[in-house]
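A quick write-up on the structure given underneath.
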Amino acid sequence: FPSHDMGDSHIDQFNSIESAGTWSPDSKRYAFDVYEKGKSILIIKSIDKNGKTEKIRFPGLTAFNNPAWSPDGKSIVVTGQKNGQTDLWQYDFKTKKIRQLTNDRYAEVLPAGSSDGSMIAFSTDELALSRGRNNGAWQMNLAVMDVVSGSVDNIDVFPGADNMNPQFDKDGNLYFLSNRDGFRNLYKYDLRGKKVWQLTNITTGITGITPYSPALTISEDKDKILYTHYSNHEYVIYQAKAEDFTAVETDPT
C-alpha cells in the first residue's frame with residue numbers, strides 16, 4: 001500500500017527487512033508495522049472500497065515487528081522491544097490495551113498462533129544462552145507457550161542450529177525453517193510424537209533478506225503452505241500443500 005493510499009505522509013518507512021504483515025481471520029483487514037517519527041506503529045488497512053485505515057500505537061514499546069493476528073480475531077501478538085529487552089506482547093482490540101506475555105532476558109521472535117488459539121509458537125535463544133554460542137553466534141530454538149497458563153516449553157530440536165519461523169498446521173504440528181546441515185530448509189515437527197521430518201532439500205535456501213526475516217506462512221484454513229526461495233539472485237514465492245512434499249524422517253538431535 002503506497003503511503004498516499006493511507007492518507008498519511010508522516011510514515012517514515014515500512015519495516016520490510018525483518019518483518020511481515022498479518023491478515024485478519026476473515027481476510028477483510030491487513031495489519032503491518034511501519035516507522036513514524038522513529039517509532040513503530042501498527043497500521044490496519046481494510047480491504048474494501050472505502051479502504052479505512054487505523055493507526056495503533058503501543059505506549060512503552062519503542063519498536064515492534066512481525067504482528068500475528070489471533071485465530072479468533074480478538075488480538076494481535078507482536079515482538080516488542082522495551083528497555084533493550086525483546087519480548088512477546090499482545091494487543092486486545094476490545095480493551096485497547098497491550099499486555100506483556102514474556103518478561104525475561106531471552107529474545108522471543110516470530111510468533112504464530114495455533115488454530116484453536118490455545119498455543120503461541122515462536123523462536124527464542126533461551127537454550128543457547130545456557131549452552132553458549134555456536135560458531136560465535138547465539139542460536140534460536142523453537143518454543144510453544146500455553147496461552148492460558150503462560151507456561152513455555154522449549155523444543156530441543158537440532159541443537160546448535162537456527163530453528164526459525166514456526167507455523168502451526170490444522171492438526172497442531174509445527175512447520176519451521178532450520179539450517180541444521182548448513183542449508184535452510186523446511187521441516188515439520190509433531191508436538192505429540194516429538195518426531196521431525198525434512199520436507200525440502202534446497203541448497204540455496206528458503207530465506208528472506210536476513211536469517212531472521214519471515215520466509216514461511218500457512219494459510220488461515222491451514223491448506224496452503226507458502227515460502228520464499230532465494231535462487232539465481234532473486235526471491236520467488238512458492239505455494240504448496242502438505243501432500244506435495246516428500247517427508248523424510250530426520251534425527252532431531
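No lab work stands behind these numbers, since they all come straight from the coordinates. The shown structure was predicted, so the numbers you read here are calculated from the model rather than taken from an experiment. Cβ sites come from the backbone with ideal geometry, for glycine too, and all protein chains shown count toward neighbours.
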Q) How far is the Cα center of the range 61-113 from the Cα center of the range 146-171, in Å? A) 16 Å
Q) Amide H to amide H under 5 Å from MET140: which residues, 5+ apart in sequence or cross-chain, H placed 1.01 Å off N in plane? A) ASP162, ASN163
(Q) Could you work out [θ]222 nm for the chain from helices alone, using -39500 (n - 2.57) per DSSP H run of at least four and dividing by all its residues? Round to the nearest 500 deg cm²/dmol. (A) -500 deg cm²/dmol
Q. Normalised by the number of residues in the chain, what is the relative contact order in percent for Cα pairs under 8 Å and 6+ residues apart?
A. 11 percent
Q.
Rounded to the nearest 20 debye, what is the charge dipole size of the chain about its Cα centre when +1 sits on each Lys and Arg Cβ and -1 on each Asp and Glu Cβ?
A. 680 debye
Q: Report the calculated FRET efficiency for ASP156 and ASP181 (r = Cβ-Cβ distance, R0 = 22 Å), to the nearest 0.05.
A: 0.80
Q | Listed residues ASP223, ASP125, ASP48, most fluctuating in the chain (Gaussian network, C-alpha, under 10 Å) | A | ASP48
Q) Looking at the square roots a ≥ b ≥ c of the eigenvalues of the Cα gyration tensor of the range 176-226, which shape do they give, rounded for a/c under 1.5, prolate if a/b is larger than b/c, or oblate? A) oblate
Q: Obtain the nm distance between the two label points defined at THR95 and THR62 by a simple spin-label model: each point lies 7 Å from its Cα along the Cα-to-C-beta direction.
A: 2.6 nm
Q. What's the extension gain from PHE14 to SER130 if we count 0.36 nm per residue and subtract their Cα-Cα distance?
A. 38.3 nm
Q. For the cross-link pairs LYS55/LYS97; LYS55/LYS94; LYS97/LYS170, which exceed 22 Å when the distance is taken from alpha carbon to alpha carbon?
A. LYS97/LYS170
Q) So how long is each side of the range 64-216 along the principal axes, counting just the alpha-carbon atoms, biggest first, in Å? A) 46, 36, 29
Q | Extended-chain gain in nm, criterion 0.36 nm per residue less alpha-carbon gap, THR246 and LYS224 | A | 6.3 nm
(Q) Per 0.36 nm of contour for each residue apart, how much would the distance between ASN201 and LYS170 grow if the chain were fully extended, relative to their Cα-Cα spacing? (A) 8.8 nm
Q. Which three lengths, in whole Å and largest first, does the range 82-149 cover when its Cα atoms are put on their principal axes?
A. 45, 29, 18
